[in-house]
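Okay, so here's the structure we're looking at.
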Amino acid sequence: MAFNNFYGTILVAGCGGTGTQVLKILLQKNYSKITLIDKDTVSISNLNRQFFYTKNDVGKYKSEALANKINNPKIDYLVGDIENLVGRYNLIFCCLDNVSGRMALNLIDFDVLIDCGVENNLCHVKKVIKNQNACLYCIKDLYTIDSYVAPCSAKNIDDLSKRGDILRYLIERYDDVDALQKFNELCTSKKFKSTDMLEIDSIRNSIISNVCYINSICASMAFILLDNEEDFCYIYFNGFEFTKLKIERDPNCIVCN
């Protein structure tokens, strides 16, 4: 699919680090309509790695803030859950950080879906051509189980500032297992979102320049894969080198067979 001129409907699902990098490239192309969707709001912690947002956007919905900032009649936005998304799109860029959202996108009506995934210094992209190659459900076992919630989407509690303070406390006391247990017990009692060592590790070990760098690489990989006419449909970057893979459809897949 040559993408210098594209006159179909495009959906960018997820307006965080990877989604904004994808949009940056899209804005350099000729397109007819782009829809942005995200239910997350801009937080202060986003500002040093998601370049479209400023401190004036804090608290606003990401998709709305992004669409208003670009101010182009060809770009609109939605706020809400991917599971409630309806409509048909020619091209979808999945820039989500959870498996359930990916599987929901995999079910809607589209021609081509490009799935982008970033975790620490690793990233992947997967191209799905509807009813022609392996869908996301075919490769569901490749994805990390949703027990880990990425820091930018861990927003399921009432007072985020307090949760942030507690996370900082846990990071400072990295080897204190009791502190983590007490925090999760408190979360359970108040129906807050608990945490685990994966989240603590992610925050503790993330270097912001690396985060931006990997997001940018992932977005570039997405467009390389989109324009690719060879038979591989998956690219993986391990922080040092790229691997291209051809993945066959699962004959027992309940979605695409």
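Structure above, values below:
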{"read-out": "Candidates per trypsin sites (Lys or Arg not before Pro) in the range 73-112, loop by DSSP, up to 16 other Cβ within 10 Å", "value": "K74"}
{"read-out": "Per-residue Cβ neighbour rank within 10 angstrom, fewest leading, V79, V86", "value": "V86, V79"}
{"read-out": "Efficiency of FRET between E229 and N252 - r from beta-carbon atoms, R0 25 angstrom, step 0.05", "value": "0.30"}
{"read-out": "Cα-Cα separations in the range 1-81 greater than 22 Å, expressed as whole percent", "value": "20 percent"}
{"read-out": "Two-site label geometry, L122 and N30: point separation in nm, points 7 Å out along Cα→Cβ", "value": "4.0 nm"}
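Each value in this text was obtained by applying a stated rule to the coordinates, not by laboratory testing. Just so it is clear, the model here is predicted, and its values are computed rather than measured. Ideal geometry is used to build each Cβ from the backbone, glycine not excepted, and the neighbour counts take in all protein chains shown.
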